[in-house]
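What follows is a set of notes on a single structure, which appears directly below.
Every number in this text was worked out from the coordinates using simple rules, so none of it is lab data. These numbers were taken from a predicted model, which means no experiment stands behind them. Here the Cβ positions follow ideal geometry from the backbone for every residue, glycine too, while neighbour counts run over all protein chains shown.
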Amino acid sequence: MAFKIKEVNAFYGGKQAVKNVSLAIQARSVTAIIGPSGCGKSTFIRCLNRMNDLVPMFRLEGEILYNGTNIYSRDLDITEVRRRIGMVFQKPNPFPKSIYENAAYGLRIQGISKKGTLDKVVEESLKKAALWEEVRDRLNTSALALSGGQQQRLCIARAIATQPEVILFDEPCSALDPIATAKVEDLITALKKEYTVIIVTHNMQQAARVSDVTGFFMMGELIEFDITKKIFTAPSNKLTEDYITGRFG
Amino acid sequence: MTREAYHKALKDVQDEVLRMADKVGKALKDSMEALKQRDLETSKRIIREDIVINKMRFDIEDKCLLLIATQQPMAVDLRILAAVINIITDLERIGDHAEGIAKINIAIGEDSLVKPLVDIPKMGEKGLSMLERCMKAFVDRDIESARQICNEDDEVDALYDQIYGELLLIMIENPRTIQGATYLIWTAHNLERTADRVTNIAERIVFMVTGKMEEMNVSKY
């Protein structure tokens with residue numbers, strides 16, 4: 001198991017966003033988190049690489065063990081946690097730099113500047129993000145000139161470049177058109193050979209297509225967590241069924 | 001995000017299945033009545049109207065495919081549509097069995113029957129009752145009733161055995177009855193298959209509710 005999450009409660013000030021969630025996430029698989037707006041799914045995924053630490057008044061109870069180590073323990077280097085557990089956001093957010101510099105960014109802030117190393121990692125990351133063929137001839141042009149779908153894949157390349165073990169996707173396709181969405185979905189499927197992928201999505205069909213395991217959140221609680229095939233064909237919980245069949249939400 | 005138009009379309013499909021089942025049940029009932037009464041006109045009508053049943057089946061199938069393509073049904077909705085596509089196939093075949101009985105009646109024509117109809121109407125009534133209760137179980141999502149209906153297929157098989165044995169004896173005693181007796185065996189066979197089709201529908205109802213496919217009663221034939 002990559003993650004073991006034990007009785008996690010998350011609060012923004014007095015408001016509880018995640019309630020007593022326990023689950024285990026297997027390495028090299030795709031786990032989807034679904035649920036209506038405000039159900040706590042984004043808060044939950046942001047707990048997994050301590051992204052919520054940046055939010056004032058945020059507080060977490062319980063344990064999140066990654067490979068057996070509590071990622072919230074005081075003596076852990078938070079930058080190292082985020083290097084190992086990368087994140088891709090809803091809106092593509094490339095830096096206003098060249099394509100090359102975006103892919104190389106993570107290495108540069110780690111102090112790596114040797115051109116041969118950077119070239120190699122940039123190429124590998126762009127290849128893994130299925131973007132290399134489209135941009136190999138214009139690596140020095142601005143990343144902002146890319147299409148939305150290409151920008152998102154560049155952000156995935158940027159996340160991959162620092163050699164993470166886990167990639168968290170928070171609504172990665174909600175700002176993309178269907179073709180770009182299909183490319184990112186194919187990419188997610190390919191990435192699970194090497195990485196543990198956790199994806200928050202509003203799009204239930206996307207969860208059904210790309211994930212191995214799905215968790216359904218409602219009002220901060222994990223209602224059901226099971227293999228995706230079961231969740232979408234014969235869920236055990238009536239609330240899950242009502243949500244995925246559009247009877248509420 | 002409640003999806004009212006979609007859920008209405010899903011309900012409409014199920015209502016159409018019930019209308020189709022009514023039509024099929026009526027064809028079966030009429031085909032047996034026509035055989036008893038030696039009413040060739042009714043048999044001709046049943047044969048003509050089988051086209052309507054076939055068309056209903058394709059219309060419902062189209063609607064199911066459209067819902068799958070446009071609405072991405074999931075969980076129980078997906079199981080309903082998968083079940084419906086199978087159920088209408090079995091209903092359509094039951095319609096063919098009714099048509100088959102109508103054709104036999106016409107083939108017998110003005111000849112008299114080689115034996116009085118006793119057990120064959122019993123088979124027909126049993127099959128029809130199974131079909132009607134099965135469609136009620138479909139509406140009520142009643143898996144207990146669906147399982148019970150599957151068990152009743154054994155009674156239909158037993159009647160078929162009895163009819164077959166009797167007709168065999170009649171043929172041995174008087175070879176001139178071979179043609180007429182064969183017609184009645186075909187009729188009984190159509191009824192035996194009808195009950196099998198109903199058990200298939202019952203299995204789909206259990207699947208629709210539980211998500212598990214179970215073979216609930218393997219017919220002798």
- Query: In degrees between 0 and 90, to the nearest 10, how far off the longest principal axis of chain B does helix B:119-140 point, with axes built from Cα atoms?
  - Reply: 10 degrees
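Give me the dipole magnitude in Debye, nearest 20, for the protein assembly as shown about the Cα centre, with unit charges on the beta carbon: positive for Lys and Arg, negative for Asp and Glu.
Working: 64 positive and 67 negative charges, 503 e Å.
Dipole about the Cα centre, nearest 20: 2420 debye.
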- Query: What percentage of all Cα-Cα pairs in segment A:187-249 are separated by more than 20 Å?
  - Reply: 24 percent
- In whole percent, the Cα-Cα distances of segment A:3-244 spread across 5 Å bins from 0 upward as 1, 7, 14, 18, 19, 16, 12, 8, 4, 1, 0, 0
- Task: Specify which residue in the list A:I156, A:V21, A:S37 is farthest towards the positive end of the charge dipole of the protein assembly as shown, using unit charges on the beta carbon of Lys, Arg (+1) and Asp, Glu (-1), about the Cα centre.
- Result: A:I156
- Using all Cα-Cα distances in segment B:89-181, what percent lands in each 5 angstrom bin from 0 up to the longest? 3, 11, 16, 21, 19, 12, 8, 5, 3, 1, 0
- Computed on Cα atoms, the radius of gyration and Dmax of segment B:4-210 in angstrom are 18.6, 66
- At what distance in angstrom do the alpha carbon centres of segment A:161-184 and segment B:34-104 lie from each other? 46 Å
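How much length is gained on full extension from B:T2 to B:V218, taking 0.36 nm per residue of separation minus their Cα-Cα distance?
Numbers: separation 216, 0.36 × 216 = 77.76 nm, distance 4.10 nm.
In short, 73.7 nm is gained.
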- Query: Whole-Hz Karplus ³J(HN,Hα) for segment A:42-54, in order, using 6.51 cos²θ - 1.76 cosθ + 1.60 and θ = phi - 60°, x for Gly and Pro?
  - Reply: 5, 4, 4, 5, 6, 5, 6, 10, 6, 5, 6, 4, 6
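Among DSSP beta bridges whose residues both lie in chain A, state the antiparallel percentage, nearest 5.
Numbers: 24 of 41 bridges.
In chain A, approximately 60 percent of DSSP beta bridges are antiparallel ones.
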- Two-site label geometry, A:H202 and A:T69: point separation in nm, points 7 Å out along Cα→Cβ: 3.6 nm
- Against the longest principal axis of chain B, how steep is helix B:40-71, in degrees 0 to 90 to the nearest 10, with axes from Cα atoms? 20 degrees
- Grab every C-alpha pair in the protein assembly as shown, bin the distances at 10 angstrom width from 0 up to the longest one, and report whole percents. 4, 17, 20, 16, 12, 11, 9, 7, 4, 1, 0
- Normalised contact order of segment B:4-210, rounded percent, pairs of Cα under 8 Å and 6 or more residues apart: 29 percent
- With a point put 7 Å past each Cα toward its Cβ, work out how far A:Q110 is from A:A27 in nm, to one decimal. 1.8 nm
